[in-house]
1. Picking from T50, T38, which residue would you name as being within 22 Å of V75 (Cα to Cα), modelled with pLDDT of 95 or more and in contact with an Asp or Glu (Cβ under 7 Å, 6 or more places away or on another chain)?
2. Which of the residues belonging to the range 19-72 are over 17 Å from L106 (Cα atoms), in contact (Cβ under 8 Å) with a residue 60 or more places away in the chain and in a loop (DSSP other than H, G, I, E, B)?
3. If you check A9 against the conditions, is it of a type in the set (A, V, I, L, M) and at pLDDT 95 or above?
4. Here are some conditions: (1) more than 13 Å from the chain's Cα centre (by Cα); (2) under 14 Å from L94 (Cα atoms). R39 meets all but one. Which one does it not meet?
5. Being modelled with pLDDT under 95 and either at positive phi or surrounded by 12 or more Cβ atoms within 10 Å (Cβ to Cβ) (or both) narrows it down to one of L106, L94, so name that one.
6. Answer yes or no as to whether P77 is part of a loop (DSSP other than H, G, I, E, B) and surrounded by fewer than 18 Cβ atoms within 10 Å (Cβ to Cβ).
Amino acid sequence: MSRSFDVDAMEWQAVRPDTAHEVFGKILLADGVRMVLTRVAPGGGFYTHTDDYGHLFYFLAGTGIVKVGEEEFPVRPGTVVQVAAGETHSYVNLGTEELLLISLNLPVHGPC
């Protein structure tokens, strides 16, 4: 099944306000792998937490820091960060402009 839609026409929704502040998203894909276009206001981000699924973050604009376990990674356009299921992680927008990224939530699959 093919589908086309106008992302600009979609409304930004608050993302996990219990775990994040000033983070907004537009869900682009929700079946199996979840794909969210995410924007983070200056100073906003995700608090340290764990998920039972993995992530792949692809940063499109802005600057910030992602923390995975005890490691910190500076992020800018073109940076990709992978987080395994169950790993402690967080991120924050350190810049004066919005941080924009594509976030993929990757379900854990059993053995093939």
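1. Working: T38 fails: in contact with an Asp or Glu (Cβ under 7 Å, 6 or more places away or on another chain).
Step by step, each of T50, T38 is checked, and only T50 is within 22 Å of V75 (Cα to Cα), modelled with pLDDT of 95 or more and in contact with an Asp or Glu (Cβ under 7 Å, 6 or more places away or on another chain).
2. None; the set is empty.
3. Numbers: of a type in the set (A, V, I, L, M): yes; at pLDDT 95 or above: no.
No: the conditions fail for A9.
4. (1)
5. When all the criteria are applied, what remains is L106.
6. yes
The values are calculated or read from the model by the stated rules, or taken from the named source; none is laboratory data. Keep in mind the model is a prediction, meaning the values are calculated, not measured. So basically every Cβ, Gly included, is an ideal-geometry build from the backbone, and we count neighbours across all protein chains shown.
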